[in-house]
Amino acid sequence: MKTRVFVSLKASVFDPQGRTIVEALQSMGYGSVSDVRQGKYFEVDVDTGSADEARALVSEVADKLLANPVIESYRVEVDE
Amino acid sequence: MKFAIIEFPGSNCDHDAYHAAKHVLGQQAAFVWHKDTGLAGADAVVLPGGFSYGDYLRTGAIARFSPVMETVRQFAAEGGPVIGICNGFQVLLEAGLLEGALLRNRRLKFLCQHVHVRVEQTDTPFTGGAQVGQVLSLPIAHGEGSYHTTAETLASLEANRQVIFRYCSQDGAMQDAANPNGSLAAVAGICNPERNVVGLMPHPERACESALGSEDGRVVLESVVAAVAA
(Lines give C-alpha, C1' and ligand atoms only; values in the text may rest on other atoms or scores of the structure.)
Protein backbone atom coordinates (compact mmCIF):
# COMPACT_ATOMS: atom_id res chain seq x y z
CA MET A 1 0.00 0.00 0.00
CA LYS A 2 1.44 3.35 -1.02
CA THR A 3 1.09 6.20 1.43
CA ARG A 4 2.26 9.79 1.50
CA VAL A 5 3.06 11.87 4.55
CA PHE A 6 3.21 15.67 4.40
CA VAL A 7 4.99 17.30 7.33
CA SER A 8 4.97 21.05 7.84
CA LEU A 9 5.76 23.51 10.59
CA LYS A 10 2.76 24.42 12.72
CA ALA A 11 1.12 27.72 11.88
CA SER A 12 2.42 29.16 15.16
CA VAL A 13 6.04 28.40 14.22
CA PHE A 14 7.99 30.90 12.13
CA ASP A 15 9.29 29.36 8.89
CA PRO A 16 12.29 31.43 7.77
CA GLN A 17 12.78 29.32 4.64
CA GLY A 18 9.18 29.85 3.53
CA ARG A 19 9.55 33.57 4.28
CA THR A 20 12.67 33.76 2.11
CA ILE A 21 10.88 31.97 -0.74
CA VAL A 22 7.93 34.39 -0.55
CA GLU A 23 10.28 37.34 -0.70
CA ALA A 24 12.09 35.82 -3.70
CA LEU A 25 8.81 35.23 -5.52
CA GLN A 26 7.59 38.74 -4.82
CA SER A 27 10.87 40.17 -6.09
CA MET A 28 10.32 38.08 -9.27
CA GLY A 29 7.03 39.89 -9.79
CA TYR A 30 4.65 37.31 -8.29
CA GLY A 31 3.02 39.90 -6.07
CA SER A 32 -0.09 37.80 -5.55
CA VAL A 33 1.87 35.12 -3.67
CA SER A 34 1.16 36.06 -0.09
CA ASP A 35 2.65 33.14 1.84
CA VAL A 36 4.75 29.99 1.44
CA ARG A 37 5.30 27.31 4.04
CA GLN A 38 8.08 24.84 3.32
CA GLY A 39 7.64 21.24 4.49
CA LYS A 40 8.73 17.66 3.98
CA TYR A 41 7.17 14.93 1.89
CA PHE A 42 7.60 11.18 2.48
CA GLU A 43 6.49 8.25 0.31
CA VAL A 44 6.02 5.28 2.60
CA ASP A 45 5.24 1.81 1.21
CA VAL A 46 3.58 -0.57 3.66
CA ASP A 47 3.21 -4.32 3.17
CA THR A 48 -0.52 -4.64 3.77
CA GLY A 49 -3.67 -4.80 1.68
CA SER A 50 -5.67 -2.73 4.14
CA ALA A 51 -5.82 1.04 3.72
CA ASP A 52 -6.95 1.45 7.33
CA GLU A 53 -4.04 -0.59 8.59
CA ALA A 54 -1.60 1.39 6.43
CA ARG A 55 -3.03 4.69 7.63
CA ALA A 56 -2.80 3.65 11.28
CA LEU A 57 0.77 2.44 10.92
CA VAL A 58 1.98 5.47 8.99
CA SER A 59 0.30 7.82 11.46
CA GLU A 60 2.13 6.02 14.25
CA VAL A 61 5.54 6.38 12.60
CA ALA A 62 4.77 10.01 11.79
CA ASP A 63 4.06 10.60 15.49
CA LYS A 64 7.17 8.76 16.60
CA LEU A 65 9.71 9.79 14.00
CA LEU A 66 8.72 11.64 10.83
CA ALA A 67 7.33 14.70 12.59
CA ASN A 68 8.32 16.45 15.81
CA PRO A 69 5.00 17.24 17.50
CA VAL A 70 6.50 20.26 19.29
CA ILE A 71 6.94 22.17 16.04
CA GLU A 72 5.36 20.17 13.23
CA SER A 73 2.03 18.76 12.13
CA TYR A 74 1.43 16.15 9.44
CA ARG A 75 -1.19 14.79 7.06
CA VAL A 76 -1.36 11.22 5.71
CA GLU A 77 -2.73 10.13 2.33
CA VAL A 78 -3.31 6.47 1.44
CA ASP A 79 -4.04 5.03 -2.02
CA GLU A 80 -7.49 3.46 -1.80
CA MET B 1 35.81 11.72 38.35
CA LYS B 2 35.12 10.20 34.97
CA PHE B 3 33.29 11.70 32.00
CA ALA B 4 31.62 9.46 29.40
CA ILE B 5 31.59 11.15 26.01
CA ILE B 6 29.05 9.61 23.68
CA GLU B 7 30.10 9.25 20.07
CA PHE B 8 27.42 9.06 17.39
CA PRO B 9 28.27 8.67 13.72
CA GLY B 10 28.76 12.32 12.79
CA SER B 11 29.76 13.63 16.22
CA ASN B 12 32.67 16.02 15.74
CA CYS B 13 33.11 17.76 19.09
CA ASP B 14 33.75 14.52 20.96
CA HIS B 15 37.50 15.14 21.00
CA ASP B 16 37.01 18.74 22.17
CA ALA B 17 35.04 17.44 25.15
CA TYR B 18 37.62 14.72 25.80
CA HIS B 19 40.47 17.23 25.63
CA ALA B 20 38.76 19.65 28.00
CA ALA B 21 37.86 16.94 30.51
CA LYS B 22 41.12 15.04 30.42
CA HIS B 23 43.87 17.48 29.54
CA VAL B 24 42.51 20.78 30.84
CA LEU B 25 40.65 19.60 33.93
CA GLY B 26 42.83 16.55 34.57
CA GLN B 27 39.86 14.24 34.99
CA GLN B 28 39.25 10.81 33.50
CA ALA B 29 37.37 10.62 30.24
CA ALA B 30 36.19 7.76 28.05
CA PHE B 31 34.58 7.66 24.64
CA VAL B 32 31.41 5.56 24.52
CA TRP B 33 30.25 4.39 21.11
CA HIS B 34 26.55 4.92 20.48
CA LYS B 35 25.95 1.18 20.06
CA ASP B 36 27.32 0.44 23.52
CA THR B 37 24.90 -0.05 26.35
CA GLY B 38 27.27 0.78 29.22
CA LEU B 39 28.80 4.07 30.32
CA ALA B 40 32.30 2.86 31.28
CA GLY B 41 31.58 3.57 34.95
CA ALA B 42 31.36 7.30 34.32
CA ASP B 43 30.05 9.86 36.83
CA ALA B 44 28.77 12.27 34.19
CA VAL B 45 27.69 11.99 30.56
CA VAL B 46 28.48 14.41 27.74
CA LEU B 47 26.48 14.33 24.50
CA PRO B 48 28.86 16.28 22.28
CA GLY B 49 28.31 18.55 19.33
CA GLY B 50 28.41 17.54 15.71
CA PHE B 51 26.07 16.32 13.03
CA SER B 52 24.86 12.94 14.25
CA TYR B 53 23.49 10.88 11.37
CA GLY B 54 24.16 13.79 9.05
CA ASP B 55 21.29 15.75 10.61
CA TYR B 56 18.99 13.56 8.48
CA LEU B 57 15.27 14.19 9.01
CA ARG B 58 15.84 16.64 11.88
CA THR B 59 18.87 17.35 14.03
CA GLY B 60 19.13 14.67 16.69
CA ALA B 61 16.06 12.82 15.42
CA ILE B 62 17.85 9.57 14.54
CA ALA B 63 20.49 9.62 17.28
CA ARG B 64 17.84 9.41 19.95
CA PHE B 65 17.19 5.81 18.86
CA SER B 66 20.81 4.75 19.36
CA PRO B 67 21.14 1.90 21.89
CA VAL B 68 23.22 4.02 24.27
CA MET B 69 20.37 6.51 24.67
CA GLU B 70 18.36 4.04 26.74
CA THR B 71 21.35 3.77 29.09
CA VAL B 72 21.65 7.57 29.18
CA ARG B 73 17.94 7.83 29.94
CA GLN B 74 18.33 5.42 32.85
CA PHE B 75 21.45 7.21 34.12
CA ALA B 76 19.53 10.50 34.03
CA ALA B 77 16.51 8.96 35.76
CA GLU B 78 18.80 7.88 38.59
CA GLY B 79 19.97 11.47 38.97
CA GLY B 80 23.26 11.24 37.06
CA PRO B 81 24.48 14.51 35.54
CA VAL B 82 24.02 14.67 31.76
CA ILE B 83 24.98 17.58 29.53
CA GLY B 84 24.10 17.95 25.86
CA ILE B 85 26.14 20.50 23.94
CA CYS B 86 24.88 21.80 20.58
CA ASN B 87 23.94 18.63 18.68
CA GLY B 88 23.85 16.91 22.08
CA PHE B 89 21.18 19.43 23.15
CA GLN B 90 19.25 18.66 19.97
CA VAL B 91 19.44 14.92 20.77
CA LEU B 92 18.20 15.49 24.35
CA LEU B 93 15.20 17.46 23.03
CA GLU B 94 14.34 14.81 20.44
CA ALA B 95 14.71 12.12 23.11
CA GLY B 96 12.25 13.98 25.33
CA LEU B 97 14.82 14.32 28.14
CA LEU B 98 14.40 18.08 27.77
CA GLU B 99 11.38 20.04 26.56
CA GLY B 100 11.09 22.05 23.35
CA ALA B 101 12.69 21.97 19.92
CA LEU B 102 15.36 23.77 17.92
CA LEU B 103 14.50 25.46 14.64
CA ARG B 104 16.63 26.86 11.84
CA ASN B 105 18.37 30.08 12.88
CA ARG B 106 16.11 33.01 12.15
CA ARG B 107 18.31 34.35 9.35
CA LEU B 108 19.02 30.84 8.05
CA LYS B 109 22.78 31.27 8.39
CA PHE B 110 25.07 28.76 10.02
CA LEU B 111 26.52 30.84 12.86
CA CYS B 112 30.11 30.31 13.96
CA GLN B 113 31.10 33.04 16.41
CA HIS B 114 31.60 33.91 20.06
CA VAL B 115 28.47 35.01 21.91
CA HIS B 116 27.71 36.11 25.45
CA VAL B 117 25.44 34.07 27.65
CA ARG B 118 24.19 34.89 31.11
CA VAL B 119 24.04 32.24 33.81
CA GLU B 120 20.44 32.34 35.06
CA GLN B 121 20.45 29.53 37.62
CA THR B 122 23.24 27.93 39.63
CA ASP B 123 21.43 25.00 41.23
CA THR B 124 22.39 22.50 38.54
CA PRO B 125 25.45 20.25 38.51
CA PHE B 126 26.79 22.24 35.54
CA THR B 127 26.43 25.75 36.94
CA GLY B 128 27.06 25.24 40.67
CA GLY B 129 30.41 27.02 40.47
CA ALA B 130 29.07 30.05 38.61
CA GLN B 131 27.28 33.15 39.89
CA VAL B 132 23.75 34.12 38.92
CA GLY B 133 24.09 36.85 36.30
CA GLN B 134 27.66 35.87 35.39
CA VAL B 135 28.31 36.53 31.71
CA LEU B 136 30.27 33.89 29.81
CA SER B 137 31.90 34.33 26.42
CA LEU B 138 31.34 31.05 24.58
CA PRO B 139 31.50 29.98 20.94
CA ILE B 140 28.46 28.82 19.00
CA ALA B 141 28.54 26.82 15.77
CA HIS B 142 25.10 25.81 14.59
CA GLY B 143 22.51 26.18 11.87
CA GLU B 144 19.56 25.01 13.94
CA GLY B 145 19.70 26.62 17.34
CA SER B 146 16.60 28.74 17.58
CA TYR B 147 14.89 27.45 20.69
CA HIS B 148 11.14 27.04 20.39
CA THR B 149 8.39 25.67 22.54
CA THR B 150 4.74 26.31 23.31
CA ALA B 151 3.71 29.29 25.44
CA GLU B 152 2.56 26.88 28.16
CA THR B 153 5.87 25.02 28.24
CA LEU B 154 7.86 28.26 28.29
CA ALA B 155 5.75 29.49 31.20
CA SER B 156 6.40 26.27 33.09
CA LEU B 157 10.14 26.40 32.31
CA GLU B 158 10.27 29.95 33.65
CA ALA B 159 8.16 29.14 36.71
CA ASN B 160 10.39 26.18 37.57
CA ARG B 161 13.58 28.19 36.84
CA GLN B 162 14.64 25.72 34.14
CA VAL B 163 16.13 28.34 31.83
CA ILE B 164 19.80 28.06 32.76
CA PHE B 165 21.53 30.20 30.11
CA ARG B 166 20.29 33.14 28.04
CA TYR B 167 21.95 35.03 25.22
CA CYS B 168 22.84 38.55 26.33
CA SER B 169 25.05 41.52 25.55
CA GLN B 170 28.61 41.72 26.87
CA ASP B 171 27.36 43.46 30.01
CA GLY B 172 24.58 40.95 30.58
CA ALA B 173 21.67 42.94 29.16
CA MET B 174 18.86 41.17 27.34
CA GLN B 175 18.51 42.63 23.87
CA ASP B 176 17.37 41.27 20.55
CA ALA B 177 20.67 42.10 18.84
CA ALA B 178 22.46 39.79 21.30
CA ASN B 179 20.17 36.86 20.45
CA PRO B 180 22.07 35.28 17.55
CA ASN B 181 19.52 32.76 16.32
CA GLY B 182 16.12 34.12 17.35
CA SER B 183 15.63 31.78 20.30
CA LEU B 184 12.39 32.22 22.21
CA ALA B 185 13.04 34.25 25.38
CA ALA B 186 16.74 34.26 24.35
CA VAL B 187 17.04 30.72 25.68
CA ALA B 188 20.55 29.32 25.19
CA GLY B 189 20.24 26.41 27.61
CA ILE B 190 17.70 24.68 29.84
CA CYS B 191 17.51 21.85 32.35
CA ASN B 192 14.94 19.17 33.19
CA PRO B 193 12.62 19.54 36.20
CA GLU B 194 15.02 17.40 38.28
CA ARG B 195 17.84 19.77 37.20
CA ASN B 196 20.43 17.03 36.49
CA VAL B 197 20.03 17.10 32.69
CA VAL B 198 21.25 20.29 31.02
CA GLY B 199 21.36 21.18 27.32
CA LEU B 200 22.79 24.27 25.66
CA MET B 201 23.73 25.42 22.18
CA PRO B 202 27.02 27.23 23.01
CA HIS B 203 30.20 25.18 23.45
CA PRO B 204 31.72 25.50 26.95
CA GLU B 205 34.18 22.68 26.16
CA ARG B 206 35.71 24.79 23.39
CA ALA B 207 36.25 27.72 25.75
CA CYS B 208 38.47 26.18 28.42
CA GLU B 209 41.86 27.64 27.48
CA SER B 210 42.94 31.23 26.88
CA ALA B 211 44.73 30.11 23.71
CA LEU B 212 41.27 29.32 22.31
CA GLY B 213 39.96 32.81 23.05
CA SER B 214 38.07 32.18 26.26
CA GLU B 215 38.33 30.20 29.47
CA ASP B 216 34.76 30.99 30.47
CA GLY B 217 33.49 27.50 29.65
CA ARG B 218 35.63 25.88 32.32
CA VAL B 219 33.14 26.77 35.03
CA VAL B 220 30.57 24.45 33.42
CA LEU B 221 32.84 21.41 33.50
CA GLU B 222 34.46 22.36 36.82
CA SER B 223 30.99 22.66 38.35
CA VAL B 224 30.18 19.05 37.56
CA VAL B 225 33.55 17.89 38.91
CA ALA B 226 32.71 19.67 42.18
CA ALA B 227 29.15 18.32 42.13
CA VAL B 228 30.33 14.74 41.71
CA ALA B 229 32.95 15.15 44.47
CA ALA B 230 30.39 16.60 46.87
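The values are calculated or read from the model by the stated rules, or taken from the named source; none is laboratory data. It should be emphasised that the depicted structure is a prediction, and the values quoted were computed from it without experimental measurement. In this analysis, Cβ positions are derived from the backbone assuming ideal geometry, glycine residues included, and neighbour counts consider all displayed protein chains.
Against the definition (surrounded by fewer than 21 Cβ atoms within 10 Å (Cβ to Cβ) and more than 23 Å from residue B:215 (Cβ to Cβ)), how does residue B:108 come out, yes or no?
Considered against the rule, which asks whether it is surrounded by fewer than 21 Cβ atoms within 10 Å (Cβ to Cβ) and more than 23 Å from residue B:215 (Cβ to Cβ), residue B:108 comes out as yes.
With respect to residue A:19, is the statement that it is closer than 27 Å to residue B:103 by Cβ, away from chain B (no Cβ under 12 Å) and either out of contact with any helix residue (DSSP H, G or I) (no Cβ under 6 Å at 6 or more places or on another chain) or outside any strand (DSSP E or B) (or both) true?
Spelling it out, it is not the case that residue A:19 is closer than 27 Å to residue B:103 by Cβ, away from chain B (no Cβ under 12 Å) and either out of contact with any helix residue (DSSP H, G or I) (no Cβ under 6 Å at 6 or more places or on another chain) or outside any strand (DSSP E or B) (or both).
Select, from B:159, B:151, B:155, the only residue that is within 13 Å of chain A (Cβ to nearest Cβ) and either more than 22 Å from residue B:212 (Cβ to Cβ) or modelled with pLDDT of 95 or more (or both).
B:151
For every residue, the table says whether it meets (1) at pLDDT 95 or above; (2) buried (at least 16 other Cβ atoms within 10 Å of the Cβ); (3) more than 27 Å from residue B:63 (Cβ to Cβ).
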site: A:33; (1), (2), (3): yes, no, yes
site: A:41; (1), (2), (3): yes, no, no
site: A:46; (1), (2), (3): yes, yes, no
site: A:62; (1), (2), (3): yes, yes, no
site: A:66; (1), (2), (3): yes, yes, no
site: A:70; (1), (2), (3): no, yes, no
site: A:75; (1), (2), (3): yes, no, no
site: A:78; (1), (2), (3): yes, yes, yes
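Being in a helix (DSSP H, G or I) and away from chain B (no Cβ under 13 Å) is the requirement here; does residue A:43 meet it?
Criteria not met by residue A:43.
Taking the options A:65, A:9, A:57, name whichever one is away from chain B (no Cβ under 13 Å) and within 19 Å of the chain's Cα centre (by Cα).
The unique qualifying residue is A:57.
Return only the number of the condition from (1) in contact (Cβ under 8 Å) with a residue 40 or more places away in the chain; (2) surrounded by fewer than 22 Cβ atoms within 10 Å (Cβ to Cβ); (3) more than 14 Å from chain A (Cβ to nearest Cβ) that residue B:31 does not satisfy.
Exception for residue B:31: condition (1).
Restricting to region B:130-147, name every residue that is surrounded by 15 or more Cβ atoms within 10 Å (Cβ to Cβ) and more than 16 Å from the chain's Cα centre (by Cα).
Residues satisfying the conditions are B:134, B:135.
Please enumerate the residues belonging to region B:171-188 that are of a type in the set (S, T, N, Q) and surrounded by fewer than 19 Cβ atoms within 10 Å (Cβ to Cβ).
Hit for region B:171-188 is B:175, nothing else.
Looking at (1) surrounded by fewer than 22 Cβ atoms within 10 Å (Cβ to Cβ); (2) touching a strand residue (DSSP E or B) at 6+ places or on another chain (Cβ under 6 Å), find the lone condition where residue B:201 falls short.
Residue B:201 satisfies all of (1) surrounded by fewer than 22 Cβ atoms within 10 Å (Cβ to Cβ); (2) touching a strand residue (DSSP E or B) at 6+ places or on another chain (Cβ under 6 Å) except (1).
Just for region B:39-48: of the residues that are at pLDDT 95 or above and in a loop (DSSP other than H, G, I, E, B), which one is farthest from residue B:80 (Cα to Cα)?
Residue satisfying both the conditions and the ranking: B:48.
So, in region A:1-33, how many residues would count as being free of Cβ contacts under 8 Å to residues at least 60 places away in the same chain and farther than 22 Å from residue A:72 by Cβ?
Counting residues in region A:1-33 that are free of Cβ contacts under 8 Å to residues at least 60 places away in the same chain and farther than 22 Å from residue A:72 by Cβ gives 11.
In this structure, is residue A:14 within 13 Å of another protein chain (Cβ to nearest Cβ), closer than 21 Å to residue B:57 by Cβ and touching a helix residue (DSSP H, G or I) at 6+ places or on another chain (Cβ under 7 Å)?
No: the conditions fail for residue A:14.
For residue A:37, only one of the following conditions fails: (1) crowded, with 16+ Cβ neighbours inside 10 Å; (2) more than 21 Å from residue B:62 (Cβ to Cβ); (3) at pLDDT below 95. What is its number?
With respect to (1) crowded, with 16+ Cβ neighbours inside 10 Å; (2) more than 21 Å from residue B:62 (Cβ to Cβ); (3) at pLDDT below 95, residue A:37 is out only on (1).
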